[in-house]
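The values are calculated or read from the model by the stated rules, or taken from the named source; none is laboratory data. Since the structure is predicted, the reported quantities are computational estimates derived from the model, not experimental observations. Glycine gets a Cβ as well: all are built from the backbone with ideal geometry, and neighbour counts include every protein chain shown. The area values use the complete protein model at the heavy-atom level, side chains included, leaving out ligands, DNA and RNA. Shrake-Rupley method; radii C 1.70, N 1.55, O 1.52, S 1.80 Å.
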Amino acid sequence: QVQLVESGGGLVQAGDSLRLSCAASDQSFIRSFAMGWFRQAPGKEREFIATMSWGGGSTYYADSVKGRFTISKNNAKNTLYLQMDSLKPEDTATYYCAAEKAPLGSGGRAEWQYGYWGQGTQVTVSS
């Protein structure tokens, strides 16, 4: 199976910015799959935050992050990104990147639509 590895998490203050990266082990994987970002806070269910269609033409964001977070990818680098601006304490969570179960997808919002998951990277936002 393809390996997805998140990086870029850390401890920041409210109002700061952070950019997460997700690198895929298989060549050209990011280019062909719809990708998403999810997060899970301690004691909470994992929640959807952003997705991008395989071709990059369509994106969708959860209301909680809309206007603050931006999903993007660089096919040449085989890497997915999540730019997070105006961070809030409630953004504190482990962030996961994921790929849908099959290539050429439109970008779903539900966990069951994704078949590949990274190990997660921790983001902590202090007040």
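Report the one residue of TYR61, ALA41, SER72 whose Cα lies farthest in the direction of the positive end of the charge dipole of the stretch 30-92 (charges on C-beta: Lys and Arg +1, Asp and Glu -1; origin at the Cα centre).
So the residue furthest toward the plus end is SER72.
Output ³J(HN,Hα) for the stretch 37-53: one whole-Hz value per residue in order, computed from phi by the Karplus curve 6.51 cos²θ - 1.76 cosθ + 1.60 with θ = phi - 60°, and x for Gly and Pro.
Calculated HN-Hα couplings, in order: 10, 10, 9, 9, 8, x, x, 10, 6, 5, 10, 6, 10, 6, 8, 9, 5 Hz.
Measuring with a 1.4 Å probe in the full set of protein chains, what accessible area per residue, in whole Å², belongs to the chain? Provide the component values of the computation, followed by the final result.
Working: 6350 Å² over 127 residues.
Averaged over the residues of the chain, the accessible area is 50 Å².
Using a cut-off of 19 Å between alpha-carbon atoms, which lysines can reach LYS73, once sequence neighbours fewer than 8 places away in the same chain are excluded?
LYS101
State, to one decimal in nm², a quarter of the convex hull surface area for the C-alpha atoms of the stretch 1-65, i.e. the direction-averaged projected area.
Averaging across all directions leaves 5.8 nm² for the Cα convex hull.
In the chain, what percent of the accessible surface is made up of carbon and sulfur (1.4 Å probe, ligands and nucleic acids excluded)? Please report the intermediate quantities before stating the final value.
On the way: 2900 of 6350 Å².
That fraction is 46 percent.
What is the set of long-range amide H partners of LYS88 at a cut-off below 5 Å, with H atoms built 1.01 Å from backbone N?
Amide H neighbours of LYS88, under 5 Å, 5+ apart: GLY15.
Tabulate in residue order the Karplus-calculated ³J(HN,Hα) for the stretch 71-77, using 6.51 cos²θ - 1.76 cosθ + 1.60 with θ = phi - 60°, rounded to whole Hz; enter x for Gly and Pro.
Rounded to whole hertz, the list is 9, 7, 8, 10, 4, 4, 8.
Quick one: Karplus J couplings for the stretch 119-127, per residue in order, coefficients 6.51, -1.76, 1.60, θ = phi - 60°, nearest Hz, x for Gly and Pro?
7, x, 9, 7, 10, 10, 10, 8, 8
Which entries of LYS44/LYS88; LYS44/LYS77; LYS44/LYS66 show an alpha-carbon separation above 22 angstrom in the structure shown? Could the numbers behind the result be given before it?
On the way: LYS44/LYS88 17 Å; LYS44/LYS77 33 Å; LYS44/LYS66 20 Å.
Table pairs above 22 Å Cα-Cα are LYS44/LYS77.
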